[in-house]
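To keep things clear, I will list the structure first and then write my remarks on it.
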Amino acid sequence: MNEDVNSVSPTLGFIIKTIEYDGYKLNIWDVGGQKTLRTYWKNYFERTDTLIWVVDATDRERVEDCRRELAGLLLEEVCSPLNAAIKHRSHYLQRLSGASLLVFSNKTDVTGAMTEDEVRKELKLDDIKTHGWKIMACSAITGHNLQQGLQWVIQDAKKRLFLF
């Protein structure tokens with residue numbers, strides 16, 4: 001979390017980090033979003049409590065692709081694995097069961113970026129009934145709302161999960 005943002009580049013595979021936050025240990029899997037990596041996503045969903053979905057608020061051209069991918073992942077919860085049309089996606093079934101969704105709308109500090117409300121509408125977040133979700137504008141460069149997002153993740157998990 002205290003990395004020099006000038007040395008960070010887009011994730012080309014996956015990165016695993018464990019961070020301590022507010023007395024909790026969070027295992028973070030940063031999984032790249034390139035099309036060639038998406039078939040591997042299913043391997044990272046086992047025992048997931050929260051899916052953090054990062055949207056580039058400056059990339060209006062790809063927001064529809066972003067919406068489709070997110071909807072495809074969350075749709076797995078409500079689709080029958082017997083349906084042949086979605087059988088290839090049945091690996092996701094139950095892996096995201098009970099997981100919450102935090103959508104970070106990144107780069108909102110850039111002029112011309114979509115607002116939080118625009119991202120919510122473009123991703124059709126109001127249609128998501130299978131998972132609790134929250135959207136937060138953020139900036140990976142300035143750190144705006146990143147701490148608040150992690151705080152939401154912890155508070156949400158406390159409400160939903162039995163913690164010792």
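Points worth noting:
- Screening LEU96 against (1) at pLDDT 80 or above; (2) aliphatic (A, V, I, L, M); (3) surrounded by 18 or more Cβ atoms within 10 Å (Cβ to Cβ) leaves a single unmet condition, (1).
- The C-beta contact set for the stretch 108-130 (first residue over 13 Å from ASP56 (Cα atoms), second residue among the aromatic types (Phe, Trp, Tyr), distance under 8 angstrom, 6+ apart or interchain) comprises LEU125/TRP133.
- Residue ID - surrounded by the most Cβ atoms within 10 Å (Cβ to Cβ), chosen from residues in the stretch 121-162 that are basic (Lys, Arg) and within 19 Å of ILE28 (Cβ to Cβ): LYS134
One line per residue, one yes/no per condition, for (1) part of a loop (DSSP other than H, G, I, E, B); (2) surrounded by 12 or more Cβ atoms within 10 Å (Cβ to Cβ); (3) modelled with pLDDT of 85 or more; (4) of a type in the set (Val, Ile, Thr):
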residue	(1), (2), (3), (4)
ILE28	no, yes, no, yes
GLY33	yes, yes, no, no
TYR40	no, yes, no, no
ASN43	no, yes, no, no
ILE52	no, yes, yes, yes
VAL55	no, yes, yes, yes
THR58	yes, yes, yes, yes
CYS66	no, yes, yes, no
ALA71	no, yes, yes, no
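- Pairing residues of the stretch 51-74 that are over 12 Å from LEU96 (Cα atoms) with residues that are small (Gly, Ala, Ser) and surrounded by 18 or more Cβ atoms within 10 Å (Cβ to Cβ), at Cβ distances under 7 Å and at least 6 apart in sequence or on separate chains, gives VAL55/SER105; ALA57/SER105; ALA57/ALA113; THR58/ALA113.
The values are calculated or read from the model by the stated rules, or taken from the named source; none is laboratory data. No experiment lies behind these values; they were computed from the predicted model shown. Backbone-built Cβ (ideal geometry, glycine too); neighbour counts: all protein chains shown.
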